[in-house]
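Below is one structure, written out as structure tokens; comments come after it.
The values are calculated or read from the model by the stated rules, or taken from the named source; none is laboratory data. Predicted, not measured: the structure shown is a model, and the values here were computed from it. Don't worry about glycine lacking a Cβ; one is built from the backbone with ideal geometry, like all the others, and counts go over all protein chains shown.
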Amino acid sequence: MSTMSNWKSKLTSSLFILPYFLAFLAFTLIPIVYGFIISFKQYNLLDPVHPFVGLGNYKSIFTEGTQENDLFFIGMKATLKFVVFSVPFLVIVGLGFALLLNALPAKLRSFFRSIYFIPYAVSATVMAVIWKRMFDVTGGFINLLLAKVGIHEFDPIPWLLDSPFVWFALVVATLWWTIGFNMIIFVNALNGVPEDLYEAAKIDGASGWNRLISITLPSIRPVIVFVLITSTIASYNIFAQPNLMSNAGDETKVLLMGILQTAYTAREIGSASAMAILMGLTIMIASIIQFMITNRKE
Amino acid sequence: MKSSKIIYVLLAAVLGIIFILPMLWMFSNSFKTDVEVMAPEFHLFPKEFTWENFQTIFDGGNVDVPIFRWIFNSFFVGFAATFLVLLLDTMAAYALAKLDIPFKKTLFALFIGSLMVPGIISFLPQYLNFSNFNLINTYYVLILPYSGGALGVFLLIQFFQSFPNEIIEAARIDGANKWHVFTSVLLPSSVSIVTTLAIFTFMNVFNDYVWPFFTVTDLEMRTLTAGVAVMATGSFTASYGKLMALATLSTIPTLIIFLIGQKQFVQSITATGVKQ
């Protein structure tokens, strides 16, 4: 009797998780598994049959001269450039804004927090069109302002056309859009540092800079690692900024652009899936390496 | 006030102005005439104020921008997806945190593990699945995929686990069944975390770009966010005033929700487990 009611209880409990489990199965787990299967097939959207080709798609990505090879490595280069240019700023500027907020009089804190966080409410497409308009060669805010103060008045800077300007533009747009989020994570971390640590340091006569280096940073180290890894993943997945802002061609043709072009323009879903899986694996490996290096015990 | 404080306030104010400027520029450009918007002269505010850009967008005769339909689509998809996520995620998190279910550890590991898998891996197969069921260009493809995400469950579990078991047991002794415990004991105590998840989900869905852009090609089925991308690379490529007017229109809803829910939002980031 008791095993019977226990069995019944488990059944009614399971009903609570069943709807989500089905959604998870249909829209998360099956697509992930299916993604690996497709990557082993020659899957052109226009073909009626999709033969199994083993590692064929992966091989052609690493074979010089194929279109997949071009798109993947041009994309990898552009994506890695963006990660290297953006991530240090996303972490350091985010922390800087948090420190600045905490140094303000309490009454002003929530006001400025709102101001810096507002761009987070803007969609990726709006963010991109706003900043395209900011950096436009003619009629863009920045070049007009520069001309007004007499800088590059007759030879406007090609912000969205050429390296290195285009990277500057993409990083600035990204910082504006997402720095508020990192800032709030850092503010929370800073508020968790025990006050008595600072008091003791003050008595010892440590300067503000010394307190930052020897107390604040070590205390919030796990949060710095968290922001570093999440920012790296976000930057690795960059798409809207180069796709909608940049006119710099291959220089800013990031991985997601290459993958989506392979899937929706060339209609080669198999190759695109193989590229997506390689992209996914590299970002997972990169995250693990970052985590191991930053968590190393001295 | 100490002089160092004054310097910090000044610095914060300058940065604040820099942060507001791009949105101000969008706003001001949307009220400029076609001529002024392209003119190589710096005017922070329009010299000649015009509603023309908004009128063109709202004008029913212009088939290019079915703006009311886009607004409806964005809100409908945003609310439907948020409702679905809240319903499924709260029930699942309750079961995982407080009930005795088979394979609990396996399921939990599976859900958390899925958070580590980059979205691009499931993007194309997800598209194919919907395409095979002929659901491209429908509301289903715009709404359903969000319900399979594990982030909400993860967020809620942490909160539900800290809910005292004694209160649940007391309610059970009083004769409440599991469903009653869920709806009249647990949920009323979780309003803040559920609101947080609602704001997060709504903004995420409303502002999503890549998925709605590639799964919907029918102009009438576009969302505002995807619509901005369509117009930016299409009819409005050279009409900056109109593009900025459209961008302004599509930003106002989330901006309002964001400003109202901001406090909740900030607290929620604390609650997502980013602790020391």
| query | Which residue pairs have Cβ atoms under 7 Å apart, sit 6 or more places apart or on different chains, and have a first residue in segment A:13-29 that is within 7 Å of chain B (Cβ to nearest Cβ) and a second that is surrounded by 18 or more Cβ atoms within 10 Å (Cβ to Cβ) and of a type in the set (K, R)? | reply | A:S13/B:K178
| B:P253, sole failed condition from (1) within 18 Å of the chain's Cα centre (by Cα); (2) in a helix (DSSP H, G or I); (3) facing chain A (nearest Cβ under 9 Å) | (3)
| said: If I ask for residues that are part of a loop (DSSP other than H, G, I, E, B) and aromatic (F, W, Y), which ones from segment B:154-187 would you list? | reply: B:F163
| request: Among the residues of segment B:32-49, write down those that are in contact (Cβ under 8 Å) with a residue 60 or more places away in the chain and not in a helix (DSSP H, G or I). | output: B:K32, B:T33
| Of all residues in segment B:223-250, which are in contact (Cβ under 8 Å) with a residue 24 or more places away in the chain, farther than 19 Å from A:G140 by Cα and within 11 Å of chain A (Cβ to nearest Cβ)? | B:T223, B:L224, B:T225, B:G227, B:L249, B:S250
| note | Over segment B:138-151, the set of residues at the interface with chain A (Cβ under 9 Å from one of its Cβ atoms) and in a helix (DSSP H, G or I) is B:L144, B:P145, B:Y146, B:S147, B:G148
| note | For segment A:94-110, the count of residues that are more than 18 Å from A:R211 (Cβ to Cβ), hydrophobic (A, V, I, L, M, F, W, C) and either more than 10 Å from every other protein chain (Cβ to nearest Cβ) or exposed (fewer than 15 other Cβ atoms within 10 Å of the Cβ) (or both) equals 1
| B:T56 passes all but one of (1) away from every other protein chain (no Cβ under 13 Å); (2) under 22 Å from the mean Cα position of the chain (by Cα); (3) surrounded by 16 or more Cβ atoms within 10 Å (Cβ to Cβ); which number fails? | (2)
| Subset of segment B:5-20 that is within 7 Å of chain A (Cβ to nearest Cβ) and closer than 18 Å to A:K132 by Cα - its residue that is surrounded by the most Cβ atoms within 10 Å (Cβ to Cβ) | B:F19
| remark: Among residues of segment A:118-158 being part of a loop (DSSP other than H, G, I, E, B) and of a type in the set (S, T, N, Q), the residue nearest to the other protein chains (Cβ to nearest Cβ) is A:S123
| query | Counting just the residues of segment B:186-213 that are crowded, with 17+ Cβ neighbours inside 10 Å and over 18 Å from the mean Cα position of the chain (by Cα), which one comes out nearest to A:T265 (Cα to Cα)? | reply | B:S190
| message | Looking at B:P125, B:P102, B:P164 in this structure, which one is without any contact (Cβ under 8 Å) to a residue 60 or more places away in the chain and in contact with a Lys or Arg (Cβ under 8 Å, 6 or more places away or on another chain)? | response | B:P102
| Single residue of A:L256, A:L278 found to be in a helix (DSSP H, G or I), modelled with pLDDT of 95 or more, within 11 Å of chain B (Cβ to nearest Cβ) and surrounded by fewer than 21 Cβ atoms within 10 Å (Cβ to Cβ) | A:L278
| request: Filter segment B:21-53 for residues that are among the acidic types (D, E) and either surrounded by 11 or more Cβ atoms within 10 Å (Cβ to Cβ) or within 13 Å of chain A (Cβ to nearest Cβ) (or both) and give the result. | output: B:D34, B:E36, B:E41, B:E52
